[in-house]
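Notes to accompany the following structure.
Each reported figure results from applying straightforward, stated rules to the coordinates on display, with no laboratory input. All of these numbers come straight from a predicted model, not from anything done at the bench. Glycine gets a Cβ as well: all are built from the backbone with ideal geometry, and neighbour counts include every protein chain shown.
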Amino acid sequence: LYSVDIKDLPSARGQGEPISSKVNLSQGEKICHAVVAHEGEYFLIASDSTYGFVINGKDLSTRNKAGKALVSLTEGARILPPKLIRNKDEDFVIVISKLGKLLVYTVDKLPVLSSGKGNKIISINAAKLAVGDGVAVAEVVRKDASVVLHCGKRILNISNAELVSRLSDRNRTGDTLPKGFQKVDSVEEKLPEEQQETVIDPFELI
């Protein structure tokens, strides 16, 4: 983890300055994600190897230009994009595996840590992980939101009522998404004022 004060970044239009000029990266190290964090905000930090935790924005900073350790990763694992949590007691965590499993639960099921490995955010056995399964997407949405799954050029709408009906726990494997919608690239949140009035038929459990 590295942190840069926003006021130290150029405000003019253009390509800006390399963030690497503000911190001391190790040889071969690359920046994978960037967030603007404030004390009192919370974020979901997760890896594709099925582990994650909640962190306070104040812990996403360091005065050390050489950075500090944030996440303990297993070999070959990668960090997923950090996700802002609006309400750490009520927001929903949406986890989708690379093989098309969907799991929904409240964010309070995850521990609040300042660093470390965290807990499992979805149950995927070692045999499946060994052949390429893992977490494709981990998203946080409001408890009253619906979502749109983007699967290549196709989309799948899931209503808020459907999400609520599927609320589970983080140690479950989740439900199988319909064929054609199992390779999910991203999850888009739709707030109540953005939701269509049409009723989306729930996808069939497999």
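Can you run phi through the Karplus equation (6.51, -1.76, 1.60; θ = phi - 60°) for the stretch 145-159 and list ³J(HN,Hα) in whole Hz, with x for Gly and Pro?
Computed from phi, the couplings for the stretch 145-159 are 8, 9, 9, 10, 8, 9, 10, x, 8, 9, 10, 10, 8, 10, 6 Hz.
Once label points are set 7 Å from the Cα along Cα→Cβ at both Leu99 and Ser20, what is their separation, rounded to one decimal in nm?
Calculated label separation equals 3.7 nm.
Tabulate in residue order the Karplus-calculated ³J(HN,Hα) for the stretch 120-127, using 6.51 cos²θ - 1.76 cosθ + 1.60 with θ = phi - 60°, rounded to whole Hz; enter x for Gly and Pro.
Rounded to whole hertz, the list is 5, 9, 7, 8, 10, 6, 4, 5.
Identify which of the listed values of mean projected area of the Cα convex hull in nm² was calculated from the structure shown: (1) 11.6; (2) 20.1; (3) 13.4.
(3)
Rounded to the nearest 500, what is the chain's calculated 222 nm mean residue ellipticity when only DSSP H runs of at least 4 contribute -39500 (n - 2.57) each, over all residues?
The per-residue figure over the chain is -1000 deg cm²/dmol.
With unit charges on the beta carbon (Lys/Arg positive, Asp/Glu negative), name the residue among Val4, Thr74, Ile124 whose Cα is farthest towards the positive pole of the charge dipole of the stretch 1-152.
Looking along the dipole axis, the top candidate is Thr74.
Considering only Leu102, Leu84, Leu73, give the residue with the highest GNM mean-square fluctuation for the chain, with springs between Cα atoms whenever their separation is below 10 Å.
Leu73
For Leu191 and Val35, FRET efficiency with R0 = 22 Å and r from the beta-carbon atoms, rounded to 0.05?
0.60
If you count the DSSP beta bridges with both ends in the chain, what percent of them are antiparallel, to the nearest 5?
90 percent
Order of Asp8, Asp144 from fewest to most other C-beta atoms within 10 Å?
Asp8, Asp144
Starting at the first residue of the stretch 25-36, write each ³J(HN,Hα) from the Karplus equation 6.51 cos²θ - 1.76 cosθ + 1.60 with θ = phi - 60°, in whole Hz, x for Gly and Pro.
Calculated HN-Hα couplings, in order: 6, 6, 4, x, 7, 10, 7, 9, 8, 9, 9, 9 Hz.
Could you please state, rounded to a whole Å, how far the C-alpha centre of the stretch 141-181 is from the C-alpha centre of the stretch 26-47?
Each part reduced to its Cα centre gives a spacing of 25 Å.
Please report the relative contact order for the stretch 42-179, taking Cα pairs under 8 Å with a sequence separation of at least 6, and give it as a percent rounded to a whole number.
Across the stretch 42-179, relative contact order equals 30 percent.
Pairs of lysines 8 or more apart, or on different chains, with alpha carbons under 23 Å: count those in the stretch 21-102, would you?
Going through the stretch 21-102 pair by pair, I get 14.
DSSP loop (so not H, G, I, E, B), at most 15 other Cβ within 10 Å: list which trypsin sites (Lys or Arg not before Pro) in the stretch 51-83 pass both filters.
Answer in residue order: Arg63, Lys65, Lys68, Arg78.
Given charges of +1 on the Cβ of Lys and Arg and -1 on the Cβ of Asp and Glu, with all other atoms neutral, how large is the dipole of the chain about its Cα centre, in debye to the nearest 20?
Dipole about the Cα centre, nearest 20: 740 debye.
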